[in-house]
Amino acid sequence: MRLIPFLLAALSLHAQSAGSPVTLDNTEKRSLNAAKSGQRFDLLISLPEDYARSGKRYPVLYVLDGWHFPLMAFLQNNNLYSERMAPVIMVNVSHGSGNVMPLRARDFTPTRTSQEATSGGAAVFLDFLEHDVIPLVDRTYRTMPSDRGLLGHSYGGLFALYALEQRPALFQRIVAASPVAGWDNRLLFREARERLRRLPSPVRLDLSAGGEEPDIAGDTAAFAKLLDELRPAGLDYRITLYRGENHNSVRLVSFPAGLYWVYRSK
């Protein structure tokens, strides 16, 4: 009989210790399906602090990988105080929870190779961004369609460079952090020679890599050197190699630094 009061007390203690979910101010989630791949995506949206009352239109920054959303929402809030970057609508395109690695390998890589079993779906994903995600965001929010940004890391950085080559007028500001630029025997290099001689409109591109990742840093530096050779008309670019940072840690320095650079006023 003494066991019952003990159990009741334990259950009461558990109920008291269970917390409530944390929500972030000025954020929303929307979902939509990609018709060609059948994949359901979440759009995790961080709005400027004054969005509800300003009546203004804002540039949109599209960010690949949902796990970056808390960091991006923090940068959104920090910009109020740092004033390093004008307010933008941030849209994280998320594959959801669970094991998303095969999905991002599928959507962010342009060709099928033995390196990744699910690779090669970047063209389909780029169509989805252009014809489904961007129109939905433009219909739903007060956007500036002439000012779109794209940020990606790793395979997402590879996709960002692929998008620049395939749709040079779709994004005006691109941050490619630690991109897998050497994908498929440097496919991007060959495409750049054909597609990046001249851009239809100005684009700012920030390239970066961690100094502790020699393969990725080497390919990224080589891609920047190719741009030095091509000197594409309309492309303003830079590369930063962050000493002491690796493929993953580089995000914490390259994301804000890259965004401040591509969104600079001059």
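The values are calculated or read from the model by the stated rules, or taken from the named source; none is laboratory data. From a predicted model like this one, the values you see are computed outputs, not experimental measurements. For neighbour counting, all protein chains shown are included, and Cβ atoms are generated from backbone atoms with ideal geometry for every residue, glycine included.
Restricted to region 105-120, and to residues there that are polar (S, T, N, Q) and crowded, with 21+ Cβ neighbours inside 10 Å, the residue that is nearest to Leu164 (Cα to Cα) is Thr109.
Scanning region 28-55 for residues that are of a type in the set (Asp, Glu) and touching a helix residue (DSSP H, G or I) at 6+ places or on another chain (Cβ under 8 Å) yields a total of 2. Tallying residues that are under 19 Å from Met101 (Cα atoms) and crowded, with 16+ Cβ neighbours inside 10 Å within region 63-80 yields 6. Set side by side, the residues Leu227, Leu235 differ, and just one is of a type in the set (A, V, I, L, M) and part of a strand (DSSP E or B), which is Leu235. The set of residues in region 60-88 that are within 13 Å of Tyr263 (Cα to Cα) and outside any helix (DSSP H, G or I) comprises Val60, Leu61, Glu83, Arg84, Met85, Ala86, Pro87, Val88. Taking region 74-118 as the range and being farther than 24 Å from Leu61 by Cβ and among the basic types (Lys, Arg) as the test, only Arg112 passes. Scanning region 84-104 for residues that are surrounded by 17 or more Cβ atoms within 10 Å (Cβ to Cβ) and either more than 14 Å from the chain's Cα centre (by Cα) or among the β-branched types (Val, Ile, Thr) (or both) turns up Met85, Pro87, Val88, Ile89, Val91, Val93, Leu103. Only one entry in Arg195, Arg148, Arg139 is more than 23 Å from Asn248 (Cβ to Cβ) and either within 18 Å of the chain's Cα centre (by Cα) or touching a residue at least 60 places away in the same chain (Cβ under 8 Å) (or both), namely Arg148. Comparison of Leu187, Leu161 shows that the only residue that is at pLDDT 95 or above, buried (at least 18 other Cβ atoms within 10 Å of the Cβ), of a type outside the set (D, E, K, R) and closer than 15 Å to Leu129 by Cβ is Leu161.
The residues of region 198-233 that are surrounded by fewer than 13 Cβ atoms within 10 Å (Cβ to Cβ) and in contact (Cβ under 8 Å) with a residue 12 or more places away in the chain, listed by number, are Arg198, Pro200, Ser201, Pro202, Asp215, Ala233. For the residues Tyr62, Tyr58, Tyr81, the requirement of being aromatic (Phe, Trp, Tyr), in contact with a helix residue (DSSP H, G or I) (Cβ under 9 Å, 6 or more places away or on another chain) and either closer than 27 Å to Ala123 by Cα or free of Cβ contacts under 8 Å to residues at least 24 places away in the same chain (or both) singles out Tyr62. Residues of region 116-133 that are free of Cβ contacts under 8 Å to residues at least 24 places away in the same chain and not hydroxyl-bearing (Ser, Thr, Tyr): Glu116, Ala117, Gly120, His131. Looking across region 9-38, just one residue is closer than 20 Å to Asn99 by Cβ, surrounded by 14 or more Cβ atoms within 10 Å (Cβ to Cβ) and at pLDDT 90 or above, and that is Ala34. Every condition in (1) in a helix (DSSP H, G or I); (2) buried (at least 22 other Cβ atoms within 10 Å of the Cβ) is met by Ala257 except one, and the failing one is (2). Do we find that Asp65 is at pLDDT 95 or above and over 17 Å from Gly157 (Cβ atoms) in this structure? So Asp65 fails the test.
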